[in-house]
Amino acid sequence: MLPNSHQRQAVQALYNTYPFPPEPLLQEPPPGYNWRWQWTAVHNFCLGRRPSNQKIRILDAGCGTGVGTEYLVHLNPEATIHAIDISEGALQVAQERLQKSGVWCDRVSFQQLPLENAASIPGQFDYINSVGVLHHLPDPVAGIQALAEKLAPGGLFHIFVYAEIGRWEIQLMQRAIAILQGEKRGDYQDGVAVGRQIFASLPEYNRLVKREKERWSLENHRDESFADMYVHPQETDYNINTLFELIDSAGLEFLGFSNPDYWQLDRLLGKAPDLMARAKDLSEKERYRLIELLDPEITHYEFFLAKPPVQISDWTDDQTLLKALPNLHPCLTGWPSRSLFDYNYQPLELTEEEFKFLQAVEAQTETQANVEKILTDLGDQSINLALVRSLQTRQLLTLSNS
């Protein structure tokens with residue numbers, strides 16, 4: 001294994017050769033919403049309430065070519081964003097991206113810096129975004145610990161890392177390419193050429209070929225994506241056990257996966273009540289481990305952490321909910337239609353009662369009427385606290401304390 005400094009240089013060389021991600025540069029702001037990069041949506045998802053402050057500091061740790069950075073700037077107009085990356089080539093693309101789209105402003109700054117050296121950045125951050133980066137560090141523990149130190153108390157941390165089970169075929173191809181490259185390892189253009197030759201030569205029924213065609217070929221027609229997947233010089237893949245070892249090393253609190261429905265055991269064993277009964281006393285980590293063993297399609301983990309103290313709002317008390325101030329969720333697409341897409345771009349059809357309540361919420365946003373007043377003004381017994389809780393739980397509504 002290469003020393004850490006050499007591994008870091010190898011990663012830097014890869015992304016200077018193939019800046020990633022290779023999304024096209026637009027002449028307009030990024031389309032739509034990615035709720036994971038919108039502060040109100042993230043705060044509501046993680047802590048159950050709307051944030052009291054929009055003038056926050058965000059660290060985009062490992063920004064690459066700025067796809068996420070662009071959204072962070074665009075979707076958080078009162079926030080300041082500091083983006084760091086190890087690759088000067090990727091940073092050049094990131095800055096060009098924001099300039100071309102018109103998102104560039106004095107609220108964003110870029111810096112070439114390894115994540116492990118984040119301590120040199122002044123101050124702390126309310127939100128840290130690190131997507132697809134920690135698993136490419138020579139020492140992911142050092143990386144997550146360095147970022148945890150920069151997280152303000154009560155701050156939120158969004159992370160994406162690879163899962164080993166769903167990337168099994170990728171690991172095999174990575175090793176095969178490395179063997180055939182021999183002394184040419186580190187020549188990433190050669191690695192891409194070798195990898196493409198392998199796929200072109202293998203039989204159609206080969207498991208590696210089938211997996212590539214079924215899952216990855218649409219993105220891997222671009223050499224940048226192919227190189228990032230198959231010839232990366234440094235990758236650590238995780239399982240649930242090693243993932244939580246990584247999390248524990250940072251001293252942060254696990255708030256949950258960004259796709260919680262996927263991590264429900266009844267999705268897989270709901271037709272077997274006896275098995276569900278056997279699993280009822282499993283710990284949270286044991287349930288997650290069982291799910292990933294039963295669903296080998298899981299290729300990554302995307303989740304949120306927080307720095308203590310952490311306060312999660314609970315709206316089960318009627319009086320607390322009646323006093324709450326509601327707003328529409330910021331990431332609804334298609335509103336004010338009853339047929340729209342939710343924060344995850346999933347289609348949904350609002351009931352007439354849900355639609356009426358959300359209309360009333362929108363109409364009183366400026367005056368900030370509480371739930372009790374809105375319900376009283378509507379005067380409809382079918383529009384009640386159970387409906388309000390459902391809207392909040394489904395991320396169609398955000399709430400804050402009065």
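To the nearest 500 deg cm²/dmol, what mean residue ellipticity at 222 nm is calculated for the chain from DSSP H runs of n ≥ 4 alone, each contributing -39,500 (n - 2.57), summed and divided by the residues?
-12000 deg cm²/dmol
Please give me the summed charge of the neighbours of Asn401: other residues whose Cβ is under 10 Å from its Cβ, Lys and Arg +1, Asp and Glu -1.
+3
Sort 37-46, 76-85 by packing, meaning the average of other beta carbons within 10 Å per residue, with the highest value first.
On the way: 37-46: 22.0, 76-85: 20.5.
For the peptides 37-46, 76-85, the packing ranking is 37-46, 76-85.
Fully extended, how many nm does the chain gain between Asp248 and Gln264 (0.36 nm per residue separation, minus their Cα-Cα distance)?
Roughly 3.5 nm would be gained on extension.
Summing Lys, Arg as +1 and Asp, Glu as -1, what charge do residues with Cβ under 15 Å from the Cβ of Thr316 carry, Thr316 excluded?
Every neighbour counted, the sum reads 0.
What is the angle, in °, between the Cα long axis of helix 4-17 and the longest principal axis of the Cα atoms in the chain? Nearest 10 is fine, range 0 to 90.
80
Assuming a ≥ b ≥ c are the square roots of the Cα gyration tensor eigenvalues, decide whether region 1-127 counts as rounded (a/c under 1.5), prolate (otherwise, with a/b larger than b/c) or oblate.
It is oblate, given that a/c is not under 1.5 and a/b is not larger than b/c.
In whole angstrom, how far apart do the alpha carbon centroids of region 146-211 and region 313-369 sit?
41
With springs only between Cα atoms under 10 Å, which of Ala306, Ala146, Ala277 fluctuates most in a Gaussian network model of the chain?
Ala277
Please compute the contact order of the chain in relative form: average sequence separation of alpha-carbon pairs under 8 Å and at least six residues apart, divided by the residue count, as a percent.
Numbers: 658 pairs, mean separation 71.9, N = 402.
In percent, rounded to a whole number, it is 18.
Express the relative contact order of region 123-194 as a whole percentage, based on alpha carbon pairs under 8 Å and six or more residues apart in sequence.
Dividing the mean separation by the residue count of region 123-194 yields 32 percent.
Gaussian network model of the chain, Cα springs within a sub-10 Å range: biggest mean-square fluctuation belongs to which of Met276, Met173, Met229?
Met276
With the cut-off at 1.5 for a/c, could you classify region 305-374 from its C-alpha gyration tensor as rounded, prolate or oblate?
Taking the square roots of the gyration eigenvalues as a ≥ b ≥ c, region 305-374 is oblate.
Could you report the accessible area of Ser201 in Å², rounded to 10, computed with a 1.4 Å probe on the protein chains as they sit in the structure?
Looks like 100 Å² after rounding.
Please work out how much length the chain gains when fully extended from Lys285 to Leu172, using 0.36 nm per residue of separation minus the C-alpha to C-alpha distance, in nm with one decimal.
37.9 nm
From the square roots a ≥ b ≥ c of the eigenvalues of the alpha-carbon gyration tensor of region 53-146, which class results: rounded (a/c under 1.5), prolate (a/b over b/c), or oblate?
oblate
Using a basic spin-label model with each label point 7 Å from the Cα along Cα→Cβ, how many nm lie between Asp106 and His300?
Result: 3.5 nm between the two label points.
When the chain is modelled as a GNM with alpha-carbon springs shorter than 10 Å, which of Glu169, Glu366, Glu149 fluctuates the most?
Maximum fluctuation in the GNM of the chain, among the listed residues, is at Glu366.
Residues with amide H under 5 Å of Ser400's amide H, sequence separation 5 or more or different chain, H placed in the peptide plane at 1.01 Å from N; which?
Arg50, Leu325
Near Lys184, which lysines are there with a Cα under 19 Å away, not counting those fewer than 8 places off in the same chain?
none
Under a straight-distance cross-link criterion of Cα-Cα below 13 Å, which aspartates and glutamates are reachable from Lys356, leaving out those fewer than 8 residues away in the same chain?
Output for Lys356: Asp377, Asp380.
When Lys and Arg each count +1 and Asp and Glu each count -1, what net charge do the other residues less than 13 Å away from Met276, Cβ to Cβ, add up to?
Around Met276, the surrounding residues sum to +2.
Between Asp187 and Lys373, what is 0.36 nm times their sequence separation minus the Cα-Cα distance? Round to one decimal in nm.
Extending this stretch completely gives an extra 60.4 nm.
Put a dot 7 Å past each Cα toward the Cβ at Tyr345 and Asp318; how far apart are the dots in nm?
Rounded to a tenth, the inter-label distance reads 4.2 nm.
For Lys285, go through the lysines and keep the ones whose alpha-carbon is under 26 Å away, minus same-chain ones fewer than eight residues off.
By straight Cα distance, Lys285 reaches Lys271, Lys307.
Please report the antiparallel percentage of DSSP beta bridges with both residues in the chain, rounded to the nearest 5.
50
The values are calculated or read from the model by the stated rules, or taken from the named source; none is laboratory data. Only a predicted model underlies this, so the values are computations on that prediction, with no experimental measurement involved. Glycine gets a Cβ as well: all are built from the backbone with ideal geometry, and neighbour counts include every protein chain shown. We work out accessible area using only protein heavy atoms, side chains counted, and drop any ligands, DNA or RNA first. Shrake-Rupley method; radii C 1.70, N 1.55, O 1.52, S 1.80 Å.
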